[in-house]
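Enquirer: Before I ask anything, let me first share the structure, which is written out below as structure tokens.
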Amino acid sequence: MQESRLSVCALDCPDCCSLVVSVENGRGVKLRGNPDHPVTRGFLCGKVAQYLEREYSPHRLLHPLRRVGAKGAGRFERISWDDALDTIAARFRAIIEEFGPEAILPYSYGGSMGLLNGSGMDRRFFHRLGASRLDRTICAAAGGAGLNTALGARYGVEPEQFRNARLIIAWGANILGTNVHLWPFVVEARRQGAKFYVIDPRRNRTAAAADKHFAINPGTDAALALAMMHVIVGEKLYDADYVERHTEGFDELRRRVSGWTPQHASALTGIPAEDIVALAREYAVTKPAAIRLNYGVQRSERGAMAVRTVALLSVLTGAWRQPGGGLQLSTSQAFQLNRDALERADLQRKSLGREARLVNMSELGTALTELRRPPVMGLVVYNSNPAAVAPNQNAVLRGLRREDLFTVSIEQFRTDTADHADIVLPATTFLEHSDLYLAYGHYHLQLARPALAAPGEAKSNVEIFRLLAARMGFDDPCLQESDDDMIRATLESDHPFLSGITLERLDREGSVRLNLPQPFLPFAEGGFGFPDGKCHFQAETLDYVPPVESRHGDPALRALYPLELISPKNDDGMNSTFGYLRGVDLQTGVLHLNRADAAPRGISDGDHVRIYNGRGACFLAARVDDTVSPGVVCAPSVRWAKRAPGGRNVNALTSERLTDAGGGPTFYSCLVQVEKTGD
Ligand SMILES: Nc1nc2c(c(=O)[nH]1)N[C@H]1C(S)=C(S)[C@@H](COP(=O)(O)OP(=O)(O)OC[C@H]3O[C@@H](n4cnc5c(=O)[nH]c(N)nc54)[C@H](O)[C@@H]3O)O[C@H]1N2
Ligand SMILES: Nc1nc2c(c(=O)[nH]1)N[C@H]1C(S)=C(S)[C@@H](COP(=O)(O)OP(=O)(O)OC[C@H]3O[C@@H](n4cnc5c(=O)[nH]c(N)nc54)[C@H](O)[C@@H]3O)O[C@H]1N2
Ligand code: SF4
Ligand SMILES: [Mo]
């Protein structure tokens, strides 16, 4: 007897797909995209189409473990849940006694996008404990800050509306690799004559499928956007009526961009001046025009400014007026859920009497090795694999190997980070627990119920934090609340976008479009997130400064490390989540170089190369191809460090330098040198 159950993909992906799981005798036998979901439309990306292999993988963690070898060696013994919870509670009490609760640090990110398992019971527990708070900056903080400065709100063009666009620009957005459910709408638009352009330092799969690829130098997007504004303003191609009615500060903007000639921007971006002029003209006069801006652009030192300037282009041309016009970076702000009720930050009053200190997750290496008063003595990692994904890996690993640090890892697999834990707790997958999901690439709120039974002794994050709370003797009722009551509390919101959306309705329908106008045109008539509803250009602070670690940056550094390394997402991975797979190793084990950089170094295709800078080194196999321009090297990421020669991946090279706003990491502003190795 086969039965179909609905679920939701919890991976950190804008598409947040609705899934159909076929179950036979309690075992999942097939996973498909829900054909009835307006964005999923019946298909899945390659990685999740094969997710049942992960679900039933012999490598899944099934029981609590205690470390018996050196930190990082990966030697563990099986223990009971009781033993594990008692050990953790005892260690936490001792740490709190000696250093205070802020010596304990949670570390989590995108393993599960579910609200309960990603930012629910965990937050309540750590708030009640009085632990340090984690500033979750590692992915989208710079872009969020840039978008907020530009538009005052993080709304974006609905994916379903892209089909109406006449021009679509994928700006630092690898749609075919990281946001594949937007693609059918791009195809539909192109069938009706739309042009599709890509602005990206490498010719990724999306660029190979585009009408034109603009190979921009990394970290120079703001220069391109400012020069496009120069052309649009200079040639009076902007939407004067829209600018007049819905913006503030145009005169200052006009002055500010007057010096940003295409020639000037060309020298920085590497894009010919005539191409910049043509792009600006076409973008301004083609209606509707949509920009899919993704987070690739904001992982550089000026990432917030890049997002801000690109977003302002859509305002200048009044692109938001028509369905299919505007820009999408994120849609998440429309999910006006009751975060206070979900996360219960108020519990800190009980524990500390104030807000706990904030530790930036992008500076984990420094936090673990240098932070004082108090130092980090207890670390609880869940939904994340910082030993592989955090920058400045050598510092992170030094920190994780401190003998006096007590680390708990809640995981599905034995990742690089789990290898460093004192106690490992087995976690369920999204197919095995309930959760509520917002999306950052569409406007449908979804509920998932367990479709499959949890294997072994695996438990959900929610349940694990309930158990920990009980062991710590916390008697606040909210720390034992049921999943359903947590969902109800989260849905309790006065915002009109959520009106009429209840747990019962979500249980009936699975996926519910937010209560938005159809089509949703957030800024068609102004409505920007500023008190007067206008977009404030604030042009006096618009600028472009090259990243320190770039071809126009610090000359001394560049003399030592002349190549710009980017390490974007690999197409069949999800950050480091699938890092145990050989097929993923093949994608993340390579460095793409241009012939012009390979030849003088004596590097041929397939050679083993060492990539290094002042922070560290890693080893990859050279792919000498024309996917990157001279001066740029590209390593699709993120590989499990322990599976790489030397036990390091590209994050041994990346720095803890932060972005211009938002405190984000600068993974793609990274100067390196490359040499051929002996073997
Ligand atoms: N297959 C797959 N899908 C994923 C993920 C994954 O690991 N694999 N990760 C998920 C996560 S966590 C996120 S945040 C999203 C990210 O989704 P994206 O932002 O689309 O992914 P990235 O690969 O980080 O960057 C996109 C593109 O930006 C380019 N880029 C790098 N530097 C610059 C620059 O300075 N300017 C411009 N214009 N482009 C630049 C890269 O070459 C890359 O092709 O994807 C999600 N989806
Ligand atoms: N060089 C370089 N570094 C990068 C990036 C890059 O582009 N280049 N991208 C950055 C970005 S954008 C991001 S978002 C971060 C991502 O960094 P992370 O959020 O750490 O993402 P993953 O590596 O996918 O690790 C998620 C882990 O959570 C686990 N997990 C999944 N579901 C659950 C669950 O329900 N419970 C528990 N306890 N665990 C679960 C998975 O097994 C997996 O090991 O990496 C960043 N690092
Ligand atoms: S990773 Fe993204 S595209 Fe793949 S199934 Fe999940 S939500 Fe859909
Ligand atoms: Mo991310």
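The values are calculated or read from the model by the stated rules, or taken from the named source; none is laboratory data. Everything quoted here is computed from the prediction, not taken from an experiment. Using ideal geometry, Cβ is built from the backbone for each residue, glycine included, and neighbour counts are taken over all protein chains shown. Areas reflect the complete protein model, heavy atoms only, side chains present, ligands, DNA and RNA absent. Shrake-Rupley method; radii C 1.70, N 1.55, O 1.52, S 1.80 Å.
Enquirer: Could you list all residues from the range 550-576 that are touching a Phe, Trp or Tyr at 6+ places or on another chain (Cβ under 8 Å), crowded, with 23+ Cβ neighbours inside 10 Å and in a loop (DSSP other than H, G, I, E, B)?
Expert: Passing the criteria: 567, 568, 576.
Enquirer: Within 16 Å of ligand 2 (Cβ to nearest atom), under 24 Å from residue 199 (Cβ atoms), open to solvent by 20 Å² or more (accessible area, probe 1.4 Å) and aromatic (Phe, Trp, Tyr), is that true of residue 580?
Expert: Working: within 16 Å of ligand 2 (Cβ to nearest atom): yes; under 24 Å from residue 199 (Cβ atoms): no; open to solvent by 20 Å² or more (accessible area, probe 1.4 Å): yes; aromatic (Phe, Trp, Tyr): yes.
For residue 580, the condition - within 16 Å of ligand 2 (Cβ to nearest atom), under 24 Å from residue 199 (Cβ atoms), open to solvent by 20 Å² or more (accessible area, probe 1.4 Å) and aromatic (Phe, Trp, Tyr) - is not met.
Enquirer: In addition: Answer with yes or no whether residue 622 is in contact with a His (Cβ under 8 Å, 6 or more places away or on another chain), at pLDDT 95 or above and not in a loop (DSSP other than H, G, I, E, B). Show your work before the answer.
Expert: Working: in contact with a His (Cβ under 8 Å, 6 or more places away or on another chain): yes; at pLDDT 95 or above: yes; not in a loop (DSSP other than H, G, I, E, B): yes.
Against the criterion (in contact with a His (Cβ under 8 Å, 6 or more places away or on another chain), at pLDDT 95 or above and not in a loop (DSSP other than H, G, I, E, B)), residue 622 qualifies.
Enquirer: Would you please name the residue that is nearest to ligand 1 (Cβ to nearest atom), looking only at residues in the range 96-106 that are part of a helix (DSSP H, G or I) and open to solvent by 10 Å² or more (accessible area, probe 1.4 Å)? So that I can check it myself, show each step before the final result.
Expert: Just the residues of the range 96-106 that are part of a helix (DSSP H, G or I), to begin with: 96-99, 101-103.
From what's left, open to solvent by 10 Å² or more (accessible area, probe 1.4 Å): 96-99, 101-102.
On the way: 96: 33, 97: 38, 98: 37, 99: 33, 101: 30, 102: 28 Å.
Ranking the qualifying residues of the range 96-106, first place goes to 102.
Enquirer: Same structure, new question: Out of the residues in the range 1-17 that are at pLDDT 95 or above and either more than 16 Å from ligand 2 (Cβ to nearest atom) or outside any loop (DSSP other than H, G, I, E, B) (or both), which is nearest to the chain's Cα centre (by Cα)? Show your work before the answer.
Expert: Of all residues in the range 1-17, those at pLDDT 95 or above come to 3-17.
Adding the requirement that they be either more than 16 Å from ligand 2 (Cβ to nearest atom) or outside any loop (DSSP other than H, G, I, E, B) (or both) leaves 3-8.
Numbers: 3: 34, 4: 31, 5: 28, 6: 25, 7: 22, 8: 18 Å.
Restricting to residues being at pLDDT 95 or above and either more than 16 Å from ligand 2 (Cβ to nearest atom) or outside any loop (DSSP other than H, G, I, E, B) (or both), the top hit is 8.
Enquirer: Any residue at all in the range 571-594 that is under 21 Å from residue 625 (Cα atoms) and over 23 Å from the mean Cα position of the chain (by Cα)? First the steps, then the outcome.
Expert: As a first pass, look at the range 571-594 and keep what is under 21 Å from residue 625 (Cα atoms): 571-572, 583-594.
Next cut, over 23 Å from the mean Cα position of the chain (by Cα) only: 593-594.
The answer is yes; a qualifying residue exists.
Enquirer: Still on this structure, I have one more. Applying the selection to the range 78-94, what residues are open to solvent by 10 Å² or more (accessible area, probe 1.4 Å) and not charged (D, E, K, R)? Walk me through how you get there before you give the answer.
Expert: The initial filter retains those residues of the range 78-94 that are open to solvent by 10 Å² or more (accessible area, probe 1.4 Å), namely 78-83, 86-87, 90-91, 93-94.
Result: 79, 80, 81, 87, 90, 94.
Enquirer: Applying the selection to the range 38-53, what residues are open to solvent by 10 Å² or more (accessible area, probe 1.4 Å) and more than 16 Å from ligand 4 (Cβ to nearest atom)?
Expert: In the first step, residues of the range 38-53 are kept if they are open to solvent by 10 Å² or more (accessible area, probe 1.4 Å); the result is 38, 41-47, 49-50, 52-53.
Result: 38, 41, 42, 43, 44, 46, 49, 50, 52, 53.
Enquirer: Quick one: is residue 666 in contact (Cβ under 8 Å) with a residue 12 or more places away in the chain and either more than 13 Å from ligand 1 (Cβ to nearest atom) or touching a Gly at 6+ places or on another chain (Cβ under 8 Å) (or both)? Before the answer, list the steps.
Expert: On the way: in contact (Cβ under 8 Å) with a residue 12 or more places away in the chain: yes; either more than 13 Å from ligand 1 (Cβ to nearest atom) or touching a Gly at 6+ places or on another chain (Cβ under 8 Å) (or both): yes.
Against the criterion (in contact (Cβ under 8 Å) with a residue 12 or more places away in the chain and either more than 13 Å from ligand 1 (Cβ to nearest atom) or touching a Gly at 6+ places or on another chain (Cβ under 8 Å) (or both)), residue 666 qualifies.
Enquirer: Right, next: Hey, which of the helices (runs of 4 or more DSSP H) in the range 284-368, taking only ones fully inside, have at least 3 residues that are within 30 Å of residue 238 (Cβ to Cβ)? Walk me through it before giving the result.
Expert: Details: elements: 303-316, 339-343, 347-351.
Answer list for the range 284-368: 303-316.
Enquirer: Name the residue that is surrounded by the most Cβ atoms within 10 Å (Cβ to Cβ), counting only residues in the range 10-25 that are within 15 Å of ligand 4 (Cβ to nearest atom) and on the phi < 0 side of the Ramachandran plot. Talk me through it step by step, then tell me what you get.
Expert: First, the residues of the range 10-25 that are within 15 Å of ligand 4 (Cβ to nearest atom): 10-16.
This time we only want the ones that are on the phi < 0 side of the Ramachandran plot, so: 10-15.
Details: 10: 25, 11: 20, 12: 20, 13: 22, 14: 27, 15: 24.
By that ranking, first place goes to 14.
Enquirer: Applying the selection to the range 644-659, what residues are in a helix (DSSP H, G or I) and within 16 Å of ligand 1 (Cβ to nearest atom)?
Expert: In the first step, residues of the range 644-659 are kept if they are in a helix (DSSP H, G or I); the result is 645-647, 650-652.
Listed by number, the residues that qualify are 650, 651.
Enquirer: Another question, then. Out of 582, 610, 595, 615, report the one residue that is of a type in the set (Lys, Arg), more than 16 Å from ligand 1 (Cβ to nearest atom) and within 30 Å of residue 60 (Cβ to Cβ).
Expert: Working: 610 fails: within 30 Å of residue 60 (Cβ to Cβ); 595 fails: within 30 Å of residue 60 (Cβ to Cβ); 615 fails: within 30 Å of residue 60 (Cβ to Cβ).
Exactly one residue qualifies, and that residue is 582.
Enquirer: How many residues are open to solvent by 20 Å² or more (accessible area, probe 1.4 Å), free of Cβ contacts under 8 Å to residues at least 60 places away in the same chain and more than 27 Å from the chain's Cα centre (by Cα) when one looks only at the range 595-629?
Expert: Going through the range 595-629 one residue at a time, the tally reaches 9.
Enquirer: From the list 341, 345, 388, 395, which one is more than 18 Å from the chain's Cα centre (by Cα) and open to solvent by less than 10 Å² (accessible area, probe 1.4 Å)? Reasoning before the result, please.
Expert: Details: 341 fails: open to solvent by less than 10 Å² (accessible area, probe 1.4 Å); 345 fails: open to solvent by less than 10 Å² (accessible area, probe 1.4 Å); 388 fails: more than 18 Å from the chain's Cα centre (by Cα).
The conditions single out 395.
Enquirer: Consider residue 20 against the criteria (1) within 22 Å of the chain's Cα centre (by Cα); (2) outside any loop (DSSP other than H, G, I, E, B); (3) more than 12 Å from ligand 1 (Cβ to nearest atom): it satisfies all of them except one. Which criterion is unmet?
Expert: Exception for residue 20: condition (1).
Enquirer: If residue 355 passes every condition in (1) open to solvent by 30 Å² or more (accessible area, probe 1.4 Å); (2) not assigned by TED's automatic domain parsing to the domain that holds residue 93 but one, which one does it miss?
Expert: (2)
Enquirer: Ok, one more. Name the single residue that is nearest to ligand 1 (Cβ to nearest atom) among those in the range 107-154 being open to solvent by 10 Å² or more (accessible area, probe 1.4 Å) and of a type in the set (Val, Ile, Thr).
Expert: 138
Enquirer: For the range 188-216, enumerate the residues that are away from ligand 3 (no atom under 16 Å from the Cβ) and of a type in the set (Val, Ile, Thr).
Expert: 198, 199, 216
Enquirer: Quick one: which strands (runs of 3 or more DSSP E) sit completely within the range 384-481 and have at least 2 residues that are over 18 Å from residue 104 (Cβ atoms)?
Expert: Correct list: 435-437, 444-448.
Residue-wise test of (1) within 15 Å of ligand 2 (Cβ to nearest atom); (2) more than 26 Å from the chain's Cα centre (by Cα); (3) modelled with pLDDT of 95 or more.
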site	(1), (2), (3)
24	no, yes, yes
30	no, yes, yes
37	no, no, yes
47	yes, no, yes
51	yes, no, yes
61	yes, no, yes
68	no, yes, yes
76	no, yes, yes
87	no, yes, yes
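Enquirer: State all residues of the range 402-447 that are of a type in the set (A, V, I, L, M, F, W, C) and farther than 18 Å from residue 118 by Cβ; if no residue qualifies, say none. Explain how you work it out, then say what you get.
Expert: Narrowing the range 402-447 to residues of a type in the set (A, V, I, L, M, F, W, C): 405-406, 408, 410, 413, 418, 421, 423-425, 427, 430-431, 436, 438-439, 445, 447.
Within the range 402-447, 405, 406, 418, 421, 423, 424 qualify.
Enquirer: Continuing with this model, one more query. Only one of 489, 439 is at pLDDT 95 or above, within 16 Å of ligand 4 (Cβ to nearest atom) and under 30 Å from residue 143 (Cβ atoms). Can you tell me which? Outline the logic, then answer.
Expert: On the way: 489 fails: within 16 Å of ligand 4 (Cβ to nearest atom).
Just a single option satisfies the conditions, and that option is 439.
Enquirer: Which of the residues belonging to the range 163-180 are crowded, with 24+ Cβ neighbours inside 10 Å, away from ligand 4 (no atom under 16 Å from the Cβ) and not in a strand (DSSP E or B)?
Expert: The answer is 165, and nothing else.
Enquirer: While we're looking at this one, here's another question. Restricting attention to the range 115-155, and to residues there that are within 16 Å of ligand 4 (Cβ to nearest atom), assigned to a loop (DSSP other than H, G, I, E, B) and not aliphatic (A, V, I, L, M), which single residue is nearest to the chain's Cα centre (by Cα)? Spell out the reasoning first.
Expert: Quick first cut of the range 115-155, residues within 16 Å of ligand 4 (Cβ to nearest atom) only: 118-119, 134-147, 154.
Filter once more, keeping what is assigned to a loop (DSSP other than H, G, I, E, B): 136-140, 154.
Retained after the next criterion (residues that are not aliphatic (A, V, I, L, M)): 136-137, 139, 154.
Numbers: 136: 10, 137: 9, 139: 4, 154: 15 Å.
Selected residue: 139.
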